[in-house]
Amino acid sequence: MIILDCDDLFDTWRQQARWLLSHQIDPDQVSWSVKEDADLFASDDHYPPHNGPFQARVPLELLELLQNAAQYCGDQRWSLLYEVLWRVSHGDRTAMMAGDKLGSEVHRRLKQVSREAHHLHAFLRFIALPPCNVGKDLEVKAALLETQKLPEYVAWHEPAHDILHSASQHFVGRMGKHRWMIATPKDGVFYDGERLIHKRQCPAAWQSLARHADDPHGELWLTYYSHIFNPARLNPKVMQGHLPTRFWKNLPEGPLIPALISEARTGKQRDGQARQIAERRGKVIRSGH
Amino acid sequence: MQLIDKLSILADAAKYDASCASSAAPKRSSEGKSGIGSSNGMGICHSYTPDGRCVSLLKILLTNFCLYDCQYCVNRRSSDVPRARFTPEEVVTLTLDFYRRNCVSGLFLSSGIIRSADYTMEQLVRVAKLLREEHEFRGYIHLKTIPEADPALIEEAGRYADRLSVNIELPTQLGLQTLAPEKEMGSIKQAMQTIYTGQQTVLNEPKAPRFTPAGQSTQMIVGADETDDSTLLHTAESLYGDFRLKRVYYSAFSPIPNSPKSVPLAAPPLLREHRLYQADFLLRGYGYSAKELLDGPGHLALDIDPKLAWALEHRDVFPLDLNRAEPAMIARIPGIGIRTTKRLVELRRQRRIRYEDLTRLRCVLAKAKPFIITSDYHPRQADTSSFALREQLRDRPQPQQMALWA
């Protein structure tokens, strides 16, 4: 058995896989694991460092597919990809297709990954930091950030897969020249107005800045969210299907949801108007002004 | 009045419009540019409210003061609702604030009719112009079009907005006469035609300024009058044909406070709206015609979806051999969608389709089973009558708890 560690980096895995394939090493003979685990199963087999004789030919689209599927965090993250690569390079293209047993698992992972990228684009919330010159405190923070510049907007997000680096590119187009930062429990990105900097280990200073940002003007959005909801059409199941509960805690509107649901259940079902509006004085407009 | 008070009134007044899509816009990016915003054709739902609806755009009215007296509308002039009015600048501020927070992908602005149709339309256009020109905003803009407004104003709107919509609301002239006396089918279609002409003018002219690149849409209210599903679907079909509409939205009539006697007190079943959306999707994506789905007056079945209904009516076509059938016919099998059809066709180029493959492709097998043949499967139900099949396959309503306060 060969145990490999690619440090969860696709390019490293790719080198390793290329080498394995060139030596015609069967997927059964290899597994990927993080270092500490690897020691448990360490093998004494020695393999030559140079590439073997087998020259694999695979379609370009496979590489892209593997690279995307590699962002999925879960069991057999890397060995599954090698099995696909093995089968396709030996002439069995069904391994890439959703109708195949292995292929369907790959496609499930691709779907999860793209869904998670979409979750980042949708459910991330930026908070504006006050301008840099307002206090020493922030200057100190800026120094701690390594980037020397404070971002104008910060966000805290908890993605389930390794999508941050590739998916955060979206915000470069969206935010123009503004500086922004996204911190997660794992990695982080900072856009300084020109370049996107990715840190595999999110610096603690980034995390703390993103987690403790004050949002003095958050009320407007919460008001909008409560009033665009139609209590006469209450359907929490559909909502949860689209907006999984794990995101609620980081969304400003998250804490409002349970109360909106229970208020709608107890008597607001007949019309769509929010209680706060019904309680206000109305104004009938006379015909002909 | 504080901005936050206006927002609460004018969001509450806007919630009855079903559309909130931010899709189909052209590719725009602010990378390295002043200004803000991007679009890429894919819509983003930034949140969901507990009614299961997506929040993609800041959907508000410029004002809910209105001279019209449409009976189904909470903002009709005879309605006793709190009223408010934004300035165009306030709408711009809110849009940009929510956009920077990543709460929305743009603005969907509509309005009650104040002073005149032209004046109202001018105000809507002004907001879009401020956003696009002063703030270099490249996010999504959807403007409601006032049908009676000067075509020149509608054309101007089309140059700033990604999408324009003219709501038909009720598909018959009689319905409009009864419930929306100030509206007229002729002017609604005229406005749709103005937008369509604008789109045609820039078609195949890559250098021309864009005109409503995300197309036009409309909305029909379901259950405010006696109009049946057949009329709704046939109307939708002709709108798709005549004006190349991108979408027709169906909005189940939502009872409003202090409802006038002319409209019902209760909402139609939301399932009816759902079935209409399913049927509409079959019109747009699957090549069905309205006549195939509803031949003659009446409603769509509530207990089965329209695709299954069609299949049960056309048993002579089935079962279909998945290893041979035309893709367009495979897509007509209940429980198998366009995506799965594509995957089946890809797979059968490599090898024969087996029953097990369908499980992996996540077909709704309970529905598909009676209608398919694979290399290792022939349906036992092939000879079961359509009536018996319908009994097996129909959706049974969930047991419902009686409302405590009804």
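Rule-based calculations on the coordinates, nothing more; no lab input. Bear in mind that the values here come from a model prediction, so they are computed numbers and not experimental data. With ideal geometry, Cβ positions are generated from the backbone for all residues, glycine too; neighbour counts draw on all protein chains shown.
Which entries in the list A:K149/A:K249; B:K144/B:K246; B:K59/B:K246; A:K283/B:K189; A:K283/B:K144; B:K144/B:K342 go over 26 Å, if you measure between the two C-alpha atoms of each? Provide the component values of the computation, followed by the final result.
Working: A:K149/A:K249 29 Å; B:K144/B:K246 15 Å; B:K59/B:K246 19 Å; A:K283/B:K189 32 Å; A:K283/B:K144 24 Å; B:K144/B:K342 37 Å.
With Cα atoms farther than 26 Å apart: A:K149/A:K249; A:K283/B:K189; B:K144/B:K342.
Can you list the lysines whose alpha carbon is less than 16 Å from that of A:K111, not counting same-chain residues fewer than 8 positions off?
Straight-distance partners of A:K111: A:K101.
Which whole number in µm²/s is D for the range A:174-289 by Stokes-Einstein, with the Kirkwood Rh taken over Cα pairs at 10 °C and 1.306 mPa s?
Working: Rh = 18.0 Å.
Reported coefficient: 88 µm²/s.
Rounded to two decimal places and with Rh computed the Kirkwood way over Cα pairs, what is Rg over Rh for chain A? Could you put the intermediate results ahead of the total?
Working: Rg = 25.4 Å, Rh = 23.0 Å.
When Rh is taken as the Kirkwood radius, the ratio is 1.10.
Under 12 Å from the Cα of B:K6, which aspartates and glutamates turn up, not counting those fewer than eight places away in the same chain?
Hits, sequence-local ones excluded: B:E90.
Could you grab the relative contact order for the range B:145-251? Cα pairs under 8 Å, six or more apart, rounded to a whole percent. Each step should come with its number before you reach the end.
Values: 141 pairs, mean separation 35.5, N = 107.
Across the range B:145-251, relative contact order equals 33 percent.
Using only alpha-carbon positions, what ratio does the radius of gyration of the range B:194-254 give when scaled by 2.2 N^0.38 Å?
Values: Rg = 14.6 Å, N = 61, 2.2 N^0.38 = 10.5 Å.
Normalised Cα radius of gyration, the range B:194-254: 1.39.
What's the ranking of A:51-57, A:26-32 by average number of surrounding C-beta atoms within 10 Å, highest first?
On the way: A:51-57: 11.1, A:26-32: 15.3.
Per-residue Cβ counts within 10 Å, averaged per peptide and sorted highest first, yield A:26-32, A:51-57.
Does the protein assembly as shown classify as rounded, prolate or oblate by the C-alpha gyration tensor (a ≥ b ≥ c root eigenvalues; a/c under 1.5 gives rounded; else a/b over b/c gives prolate, otherwise oblate)?
On the way: a/c = 1.98, a/b = 1.25, b/c = 1.59.
Oblate, because a/c is 1.5 or more while a/b does not exceed b/c.
Quick one: 3J(HN,Hα) in Hz for the range B:225-233, Karplus 6.51/-1.76/1.60 with θ = phi - 60°, rounded, Gly and Pro as x.
Values per residue, Gly and Pro as x: 9, 7, 3, 8, 4, 4, 4, 4, 5 Hz.
Angle between the Cα long axis of helix B:117-129 and the longest principal axis of chain B, 0 to 90 degrees, nearest 10?
80 degrees
Taking chain B as a Gaussian network, where each spring joins two C-alpha atoms under 10 Å apart, which residue of B:Q71, B:Q219, B:Q350 fluctuates the most?
With Cα springs under 10 Å in chain B, the top fluctuation among B:Q71, B:Q219, B:Q350 is at B:Q350.
When only DSSP loop residues count, what trypsin sites (Lys or Arg not before Pro) in the range B:303-332 have their Cβ near at most 15 other Cβ atoms within 10 Å?
Working: sites: B:K307, B:R315, B:R324, B:R332; in loops: B:R324, B:R332.
Hits after loop and neighbour filter: B:R324.
Once both axes come from the Cα atoms, what is the angle between helix A:60-69 and the longest principal axis of chain A, in degrees from 0 to 90, rounded to 10?
Orientation of helix A:60-69: about 60 degrees from the principal axis.
Can you tell me the orientation of helix B:151-160 relative to chain B, as the angle in degrees between its alpha-carbon axis and the longest Cα principal axis, to the nearest 10?
70 degrees
Rounded, prolate or oblate: which one fits chain B, using the alpha carbon gyration tensor with axes a ≥ b ≥ c (rounded when a/c is under 1.5, else prolate when a/b beats b/c, else oblate)? All intermediate terms of the calculation are to be shown ahead of the outcome.
Details: a/c = 2.03, a/b = 1.53, b/c = 1.32.
Judged from the Cα gyration tensor, chain B comes out prolate (a/c at least 1.5, a/b above b/c).
Taking only C-alpha pairs under 8 Å that are 6+ residues apart, what is the relative contact order of chain A in percent?
Value for chain A: 11 percent.
Do any trypsin sites (Lys or Arg not before Pro) in the range B:10-117 lie in a loop, going by DSSP, with at most 11 other beta-carbon atoms within 10 Å of their beta carbon, and if so which?
Details: sites: B:K15, B:K27, B:R28, B:K33, B:R53, B:K59, B:R76, B:R77, B:R83, B:R85, B:R100, B:R101, B:R115; in loops: B:K15, B:K27, B:K33, B:R53, B:R76, B:R77, B:R83, B:R101, B:R115.
Those that pass, being in a loop and sparsely packed, are B:K27.
At q = 0.19, 0.23 Å⁻¹, what base-10 log of I(q)/I(0) does the Debye formula yield for the range B:48-161 when every alpha carbon is treated as an equal point scatterer in vacuo?
After summing over all Cα pairs, the log10 values are -1.03, -1.30.
Please tell me the relative contact order of chain B in percent, rounded to the nearest whole number, where contacts are Cα pairs under 8 Å and at least six residues apart.
Numbers: 679 pairs, mean separation 45.7, N = 406.
Contact order relative to length: 11 percent.
What 222 nm value per residue comes from the helices of chain B, counting each DSSP H run with n ≥ 4 as -39,500 (n - 2.57) and dividing by all residues, nearest 500 deg cm²/dmol?
-10500 deg cm²/dmol
Out of the DSSP beta bridges found with both residues in the protein assembly as shown, what percent are antiparallel (nearest 5)?
Working: 15 of 45 bridges.
Of those bridges, close to 35 percent are antiparallel.
To the nearest 0.05, how large is the calculated FRET efficiency for B:S78 and B:Y119 if R₀ is 25 Å and r is the Cβ-Cβ distance? Don't jump to the answer; show the numbers that get you there.
Working: r = 21 Å, r/R0 = 0.86.
Calculated transfer efficiency: 0.70.
Cross-link candidates for A:K237: which aspartates and glutamates have Cα within less than 13 Å, leaving aside residues fewer than 8 places away along the same chain?
B:D51
Restricting attention to chain B, give the cysteines that have no other cysteine Cβ less than 4.7 angstrom from their Cβ.
Taking the Cβ cut-off of 4.7 Å, the unpaired cysteines of chain B are B:C20, B:C66, B:C103, B:C363.
Report, for chain A, the % of DSSP beta bridges that are antiparallel, rounded to 5. All intermediate terms of the calculation are to be shown ahead of the outcome.
Values: 10 of 17 bridges.
Bridges in chain A that DSSP calls antiparallel: roughly 60 percent.
Size of the dipole of the range B:302-379 about the Cα centre, Lys and Arg at +1 and Asp and Glu at -1 on the beta carbon, nothing else charged, in debye to 20? Please list the in-between numbers first.
Numbers: 16 positive and 10 negative charges, 88 e Å.
The dipole magnitude comes to about 420 debye.
Return the Cα extents of the range B:296-365 along principal axes one, two and three, sorted largest first, each rounded to a whole Å.
Principal extents (largest minus smallest coordinate, Cα): 46, 22, 16 Å.
Remind me, what semi-axes does the range B:233-360 give for its equivalent ellipsoid, largest first in whole Å, using sqrt of 5 times each Cα gyration tensor eigenvalue? Provide the component values of the computation, followed by the final result.
Working: eigenvalues 248, 49, 39 Å².
The answer is 35, 16, 14 Å, longest axis first.
Once you have a ≥ b ≥ c as the square roots of the Cα gyration tensor eigenvalues for the range B:332-384, tell me rounded if a/c is under 1.5, and otherwise prolate or oblate according to whether a/b is larger than b/c.
Numbers: a/c = 2.05, a/b = 1.37, b/c = 1.50.
Note, shape of the range B:332-384 comes out oblate.
Rounded to the nearest Å, what's the spacing between the alpha carbon centres of the range B:40-57 and the range B:89-120? Just the number, please.
So the separation of the two Cα centres works out to 17 Å.
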